[in-house]
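All remarks here apply to the structure that follows.
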Amino acid sequence: MKRNMKQDFKYIQIIGTQRSGSNLLRVMLNQLPEIAAPHPPHILQNFMPIIDKYGDLENDANFLELIKDVCRFVEINPVPWTGIDLNPIDIFSRSNNRTIFEIFRLIYEIYAGKHNASIWCCKSMANIDFASKFEDFDFNPFYIYLFRDGRDVALSFKNAIVGEKHIYHLARKWKQDQDMSLDFLEKIDEDSKYILSYEGLIESPEFHLKQICDKLNINFDRRMLVYYNSDESKSTAISGEMWANLQKPIIKDNTKKYRKELDIEEIKLFESVAKTTLRRLGYLPDFFRNGFELKLSQEQIDFYKIENERLKLEAKKRTKKSDLEKRKPQADYLHEIKSNRLVNLSYL
């Protein structure tokens, strides 16, 4: 008999854009005994684009193959999931439907159960792309929309191993993510969401964490404020240079750094692309406050695309070898699936 675990757990989904403090918020929430918030392997983001490789998931062999691959992908996450041994046969037997969404749910719920938590939290912020599916499958998440000044987000991405690198592409991506999140949240009841800025979180962490706890009907714990002493924070911090600050107290002045580290033309370009969304979130443009914007030719946009790819290669060259090595197993595994997995396994 299949075991339906859905009724036993609540689900928190953090949405927005990476490099906005989502790992900080994740490890803060993870200090509560009620919440299990492991570092995300980005299951949906990575497997949805290749789901056709598995053929008809109503076929037992195909669905089990997908489960095995997802379990293996979680096992080789750069930040290890502790205290859990995923059993594909067990997940297969518990599944109420044959979808990647069901596998995603069950893996997180198994993790939460192993840690005696009643709430699981996923900080795969790109999951906003699948929010309509969550409603279809009756997941009913509690959404936390965490946003940050896009110009600081762009600066952070420029120095990170992940993401776009040219300011034009960074502005477009940030604008798209924020607009999508804001538009979606307009349809969500107040009791099922919490909206906060990164700047607000680092300025008044206790206030915002208490507000979130109240909405979840759980007690605030002061250990949330000393997250940096936790094993999860330390494990994440040593797993990649871009997470190193998680083993430190909150850096209160970590705002408006773009004014010193982006050049004026970069700031102007970002604001020209994303100024309406900056204003929508309460951030004033430094330039173009009167509606003026840069007029970009197709030739310029094509050049930005070439530059973006060049800058990605440069960023990879600057990345520590240890960071690349920790990400390599997942990258290699996905490449293997994309290259070697036959479509429609059920016909073999």
Let me confirm something: among LEU44, LEU57, which residue is farther than 28 Å from GLU241 by Cβ and buried (at least 16 other Cβ atoms within 10 Å of the Cβ)? LEU57
Specify which of the listed residues (ALA112, ALA154, ALA131, ALA117) is buried (at least 19 other Cβ atoms within 10 Å of the Cβ) and part of a loop (DSSP other than H, G, I, E, B). ALA117
Filter the range 269-280 down to the residues that are open to solvent by 10 Å² or more (accessible area, probe 1.4 Å) and under 24 Å from the mean Cα position of the chain (by Cα) and list them by number. VAL273, LYS275, THR276, ARG279, ARG280
Can you go through LYS114, LYS193 and tell me which one is touching a Gly at 6+ places or on another chain (Cβ under 7 Å), within 20 Å of LEU32 (Cβ to Cβ) and basic (Lys, Arg)? LYS114
Breaking point among (1) at pLDDT 95 or above; (2) part of a helix (DSSP H, G or I); (3) open to solvent by less than 60 Å² (accessible area, probe 1.4 Å); (4) closer than 30 Å to LEU209 by Cα, for LEU311: (4)
Condition met for ASP302 (open to solvent by less than 70 Å² (accessible area, probe 1.4 Å), of a type in the set (D, E, K, R), more than 30 Å from LEU64 (Cβ to Cβ) and modelled with pLDDT of 90 or more): no
Condition test on ASN96, is it outside any loop (DSSP other than H, G, I, E, B), among the polar types (S, T, N, Q) and in contact (Cβ under 8 Å) with a residue 40 or more places away in the chain? no
Among the residues of the range 75-82, is there at least one that is of a type in the set (A, V, I, L, M), open to solvent by 10 Å² or more (accessible area, probe 1.4 Å), touching a helix residue (DSSP H, G or I) at 6+ places or on another chain (Cβ under 7 Å) and free of Cβ contacts under 8 Å to residues at least 60 places away in the same chain? no
Candidate set: the range 141-189, residues that are basic (Lys, Arg) and within 14 Å of GLY16 (Cα to Cα); chosen: the one farthest from the chain's Cα centre (by Cα): ARG172
Answer from PHE220, PHE207, PHE184 - the residue that is part of a loop (DSSP other than H, G, I, E, B), on the phi < 0 side of the Ramachandran plot and open to solvent by 20 Å² or more (accessible area, probe 1.4 Å): PHE220
Conditions (1) farther than 24 Å from PHE147 by Cβ; (2) touching a Ser or Thr at 6+ places or on another chain (Cβ under 9 Å); (3) not aliphatic (A, V, I, L, M): number failed by TYR283: (1)
Need the failing condition index for ILE89 against (1) β-branched (Val, Ile, Thr); (2) surrounded by fewer than 16 Cβ atoms within 10 Å (Cβ to Cβ); (3) touching a residue at least 60 places away in the same chain (Cβ under 8 Å), just the number. (3)
Give me the pairs, please: first residue somewhere in the range 247-268 and open to solvent by 70 Å² or more (accessible area, probe 1.4 Å), second residue anywhere and among the small types (Gly, Ala, Ser) and in a helix (DSSP H, G or I), beta-carbon distance under 7 Å, and either six or more positions apart or on two chains. GLN247/SER233; GLN247/ALA237
Report, ordered by the first and then the second residue, all pairs with beta carbons closer than 6 Å, sequence separation of six or more or different chains, a first member in the range 125-154 that is within 29 Å of HIS166 (Cβ to Cβ), and a second member that is among the hydrophobic types (A, V, I, L, M, F, W, C) and open to solvent by 20 Å² or more (accessible area, probe 1.4 Å). ILE128/MET180; ALA131/PHE184; TYR145/ILE195; PHE147/LEU281
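The values are calculated or read from the model by the stated rules, or taken from the named source; none is laboratory data. The structure displayed is predicted, hence computed values, not measured ones. We place every Cβ from the backbone using ideal geometry, glycine too, and count neighbours over all the protein chains shown. These accessible areas exclude ligands, DNA and RNA; they are computed on the full protein's heavy atoms, side chains included. Shrake-Rupley method; radii C 1.70, N 1.55, O 1.52, S 1.80 Å.
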